[in-house]
Amino acid sequence: MNKLLKILGLAVPLSLLAAQPASAISLVFNPVSQDVALGDPAKVDVIVTDLSGEFVGAYDFNVHWDATILSLADVTFDIFLDDQDPLNDPDSVQNFIPGSGQVNVWGFAFSSLDNQDGNTAFRLFTLTFDTLANGLSPLSFTDNIASTGEFLGDENGDPFVPPVSAGRGSVCVGGNCQQSQPIPVPEPPVVMLMGAGLLGFAFNQRHRRAGVRSK
């Protein structure tokens with residue numbers, strides 16, 4: 001039993017280490033939510049953050065919204081896939097393909113990504129929407145990089161590990177929008193599950209030994 005308690009004492013710190021999630025690059029909307037009057041445009045930046053020394057050299061993903069409330073007017077690309085002179089000598093290709101309630105936005109760099117430092121969050125592009133009706137339009141991302149199921153690629157175009165974390169957003173047109181958030185269902189921590197398993201094993205072993213002695 002003493003040996004088992006020693007194993008349990010070692011297992012809990014190890015499981016704490018295993019339970020720590022690896023950091024992931026995030027793709028987010030800014031602002032996450034906003035209120036606009038009907039007839040006014042809504043502008044939303046798409047931001048890459050939580051880089052931790054990584055450089056983004058490619059992207060390909062879709063942005064979705066409610067087509068009865070918003071209509072895409074324009075996509076304005078930023079300079080962070082280019083070198084020091086993006087206006088006169090661009091070193092990237094960036095474009096978009098609009099659809100009903102969605103747009104596919106993609107780009108890749110030929111340059112050394114001089115406008116990124118590997119740590120500071122930056123804007124990929126800005127979406128401008130016309131407002132069509134009152135109501136709440138959710139905003140979301142879906143990946144589109146062929147064969148990898150990813151949103152972004154590094155300076156070589158390879159997908160990031162761990163995968164990119166994609167956020168959500170919303171645009172409220174006309175006010176009085178109900179922006180309800182789903183209530184997360186808590187999952188038992190890895191440490192508790194592992195501890196319960198080891199304690200159950202200990203109880204079973206003790207019960208078996210007691211049975212042998214009573215015979």
Here the equivalent ellipsoid of region 24-173, derived from its Cα gyration tensor, has semi-axes (largest first, whole Å) of 27, 16, 14
If r is the Cβ-Cβ distance from Leu132 to Ser165 and R0 is 30 Å, what FRET efficiency results, to the nearest 0.05?
0.50
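Every number here is computed from the coordinates shown, using simple stated rules; none is lab data. Here the structure is a predicted model, which means the values were calculated and not measured. Ideal geometry is used to build each Cβ from the backbone, glycine not excepted, and the neighbour counts take in all protein chains shown.
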